[in-house]
1. Which of the residues spanning the range 834-852 are among the acidic types (Asp, Glu) and surrounded by fewer than 24 Cβ atoms within 10 Å (Cβ to Cβ)?
2. Just the residues that are within 30 Å of Gln885 (Cβ to Cβ) and in a loop (DSSP other than H, G, I, E, B), please, taken from the range 806-848.
3. Between a residue in the range 305-316 that is farther than 15 Å from His294 by Cα and any residue that is part of a loop (DSSP other than H, G, I, E, B), which pairs come within a Cβ distance under 8 Å, given they are 6 or more apart or on different chains?
4. Just the residues that are among the β-branched types (Val, Ile, Thr), crowded, with 24+ Cβ neighbours inside 10 Å, away from the ligand (no atom under 16 Å from the Cβ) and not in a helix (DSSP H, G or I), please, taken from the range 182-240.
5. So, in the range 354-393, how many residues would count as being in a loop (DSSP other than H, G, I, E, B) and either buried (at least 24 other Cβ atoms within 10 Å of the Cβ) or within 17 Å of the chain's Cα centre (by Cα) (or both)?
6. Identify, please: which residue in the range 43-56 is more than 17 Å from Asn537 (Cα to Cα) and at pLDDT 95 or above and is, among those, farthest from the chain's Cα centre (by Cα)?
7. What is the residue count in the range 616-657 for residues that are touching a Leu at 6+ places or on another chain (Cβ under 9 Å), more than 23 Å from Ala201 (Cα to Cα) and not charged (D, E, K, R)?
8. Taking the criterion of being away from the ligand (no atom under 16 Å from the Cβ), under 22 Å from Trp408 (Cβ atoms), at pLDDT 95 or above and not basic (Lys, Arg), would at least one residue in the range 115-132 satisfy it?
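The values are calculated or read from the model by the stated rules, or taken from the named source; none is laboratory data. The shown structure was predicted, so the numbers you read here are calculated from the model rather than taken from an experiment. Cβ placement follows ideal geometry from the backbone for every residue including glycine, while neighbour counts extend to all protein chains displayed.
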Amino acid sequence: MTTESEIPRLIPGSGLTNYPPPDRWDDWEEWDAKAWPKREKNRYRLVPTTCFNCESACGLLAYIDKDSGEIRRFEGNPAHPGSRGRNCAKGPATINQVNDPERILYPMRRSGPRGSGQWERVTWEEALADIGGRMGDAIREGRNDDIMYRGGRAGEDGFMDRTLKAWGVDGHNSHTNICSSGARVGYAMWSGYDRPSSDFANARFILLLSSHLETGHYFNPHAQRIMEAKRAGAKLVTVDPRLSNTASMSDIWLSPWPGTEPAMLLAMARLLLEWDTVDHEFMSRWVNWEASMHARYPERPPTYETFVDVLREEYAGYTPEWAADECGVDADQIETVAREIANAGERFSSHTWRSVGSGNLGGWQAARCLQFLHVLTGSVGTVGGLSPSAWDKFKPKHWNMPPPHSRWNELLWPIEYPLSHHEMSFLLPHFLKEGRGRLEVYFTRVYNPVWTNPDGFSWIEVLTDEEKIGLHVAMTPTWSETAWYADYVLPMGVSAERHDTHSYETHAARWLGFRQPVLRVAGEREGKTYERTYEANPGEVWEETEFWIDLSWSVDPDGSLGIRKWFESPEDPSRPVSVDEYYGWMFDNSVPGLPDKAAAEGLTPLGYMRKYGAVEIERDIYRVNERPVEGAERGPDGIAYKDGAPVGVTIDGHVLEGFKSPSRKLEWYSSTMDEWGWHDEAIPGYLETHVYWRDMDMGGNERILLPTFRLPTLIHTRSGNAKYLYEISHGHPLWVNPIDADALGFETGDLVRISTDSGHFVMRAWRTEGIRPGVVAASHHLGRWRLDDERGNERWSSALVNVEQIGDGKWRLRQLKGIEPFSSDDPDSERIWWSDPGVNQNLAFPVHPDPISGMHAWHQRVRLTTAEAGDRYGDVVVDTNKSFQVYRDWLSKTKPGPGPDGTRRPLWLDRPVKPTPDAYVYPG
Ligand code: SF4
């Protein structure tokens, strides 16, 4: 039985906690603070769920008023192993999203031309029949890949994988190439694992190329562990051209020229090699030095000692002085950081996500070079070091999993980008314009490409073209700029209104979280019964798990397509599987230790997850690569196999698990990159970015724009209806260093025209020394807009705008009014005092797909001028003919496949919804 003492403490060991004990969650009483000085008690039922406002998946506890049956607030779930009862501001703000008076409550179908904003309410049955019917026709005609599913932040693990496999559709789209592919490729080329898992809490030195204390990946779970390390004496260094809140909390802030970070990291690597503060035992066992020597230095003796000599020679030019000049930082600081890394040894931890990797051409080398420092110090898989993500992430099996399909969708995995880490989703408008395909049914799910992606006007052009996209279904918890151009707008639940499972590498442990519709769970505890979650949620807001099950049934109602069988109830095949059956099977059969934990409390595994919302599976996970593998067959190349699949590598005569790269070692030299045409890039190195500072006319008006930083309190589209958050964060200035501001003649508040290669936008300047000279910055979390005063995007956050075509391919968005008070069922809407909606700068960014990673390189070379007569704040003007030409220019940087073995993509590289190997063979 889980006792109160086993619930993780707010501060471990301190006893500092006020969480209601779990055995009283079904009947919790507390005084009503608002009733003071009267003493009135409120009675609550506390139901756990998981936050859906960023990728961290922190635990939440919904406080459901037992008298009214309404959710009153959200607090942290102390039983969640990742977040341990804590949340950032966005977690509790879920209550705003639940109660937003402007939220979409019912399914709607457009009743006028697409984009006209005319809608009619329909039933879920009507929507399912229409959408499912069109999909069924496409699949019957062999047009499976005319169906495409575009997800925003996934927030779930595996359900869409099984759904698309069941349909036989290679149509999974991630948002990853506008988010994190850059970092992923850098990590994957070392180990086969595309993300790091930082053991921050136990580190002695932490190096961040991102802003994990305020906004980063796994923000709250990471931030609390970084602070634990700092309290224990660890030093923190942050590399960021902008003085983020994270940088301000660091021992050293390094502010290099954007895109030069790999040069600085390699200078640190050079120092480690020069000082010989290298973990030779680790390196000689776990780095692919034999293959590296054989491939790159065949004339040299193939010994480890020579390999170390080679490293010293390769990086000899990366002196601190050279890097200081290249990066614009002090050589002394580079040496100081290198010394801290050397001193921390195995307890050196780090992280990079977005930032460098997502801003720059070749930005993936930042993760590659950062991991190099871990390889040199042996801080891989160690206490206080850095592990591969998958060691600390738990993926349960899904019930009745269909086999992989054998399809390949060229609209998502084009031959030009064989090494892209995820689908080239953000190039869809350009591919459709080139006639590479068409879509019959296009789902945008919790995703808003018109606003979030680069080149949003090109998205509007294809979304309004019914020849290119036959049916656009927007599945969303909030209004969005993209939903406006949909045929169906289907309301999907926020974190308290849906089922999902998920697990993330927040620390050196594995856990599984369970998101659940809290009103349904509370109602069931009171004896109510529900067929579908929308019966318990506000209006007819639904959840995706049940929606996909019922939609699949509608695609194949009689089972003739072979799809229905994957969604039939195991108890009664004449009806769809229920969520209790689905997740009940998962928790009974595929979560180690959960059945025993549940039995100890007299609960079923499903009952345990409904009670606690999460379960810890394993803790203190280190050095998984050293785990012995039994019963494997050794191949001549040292790789060990089971059933034909690699499972280990022979080290010192023993078969050990190793990593997931082709050699199952850490690959300094990547034969994959070499064989696919990237010889020079096959080792950790430094590539000049597309916004290389030496190529800029800094004496004139050119500068580098950093448009990617997050605000701690907002999250892209989904926070648009969270009034608490917009009350905190609503200004959207252009950060300009006073040196630049003086040179360009800007004062704080002046209107500035920022010109890109495809257009311009107009913002207000903010003079601040928080940005290095030569660089300007604007957050990507603001600039929401709506086309109608009362319909579409929430008025808490959006400007009323006019969007018009002012020439062939030329578009202008102009703000008609900012954020103003409005009347609604929520009296707070009359009290809105903020007015600045910000500027949708992404519209004016042409696409910059990195030729290797596929990542959109977000940083922009911009020209800054005082706004011209007629310019207004918020104006965005774009020529999509120019943006299309930029797309073609970047396309020409690619080295298309097929690869040396005639395949479209290396088979070992991960990809979502991986097809069978035969689908990899390029037919041309
Ligand atoms: S960090 Fe904040 S937004 Fe992200 S899951 Fe946790 S509470 Fe939610």
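1. So in the range 834-852, the residues among the acidic types (Asp, Glu) come out as 836, 850.
Within the range 834-852, Asp836 is the sole residue that qualifies.
2. Taking the range 806-848 and keeping what is within 30 Å of Gln885 (Cβ to Cβ), we get 806-815, 838-848.
Those that are within 30 Å of Gln885 (Cβ to Cβ) and in a loop (DSSP other than H, G, I, E, B): Asp808, Gly809, Gly838, Val839, Asn840, Phe845, Pro846, Val847, His848.
3. Glu314/Ile683
4. Of everything in the range 182-240, those that are among the β-branched types (Val, Ile, Thr), crowded, with 24+ Cβ neighbours inside 10 Å, away from the ligand (no atom under 16 Å from the Cβ) and not in a helix (DSSP H, G or I) turn out to be Ile206, Thr238, Val239.
5. Number satisfying all stated conditions: 11.
6. We begin by selecting, within the range 43-56, every residue more than 17 Å from Asn537 (Cα to Cα); these are 43-44, 53-56.
So of that shortlist, the ones also at pLDDT 95 or above come out as 43-44.
Details: Arg43: 38, Tyr44: 34 Å.
Per the criteria, the residue is Arg43.
7. First pass over the range 616-657, keeping only residues touching a Leu at 6+ places or on another chain (Cβ under 9 Å): 616-617, 625-629, 640, 648-650.
Of the ones still in play, those that are also more than 23 Å from Ala201 (Cα to Cα) are 627-629, 640, 648-650.
Those still in the list that are not charged (D, E, K, R) too: 628-629, 640, 648-650.
The qualifying residues number 6.
8. Of all residues in the range 115-132, those away from the ligand (no atom under 16 Å from the Cβ) come to 115-132.
Those left that are additionally under 22 Å from Trp408 (Cβ atoms): none.
Within the range 115-132 (the criterion being away from the ligand (no atom under 16 Å from the Cβ), under 22 Å from Trp408 (Cβ atoms), at pLDDT 95 or above and not basic (Lys, Arg)), the answer is no, since none of the residues qualifies.
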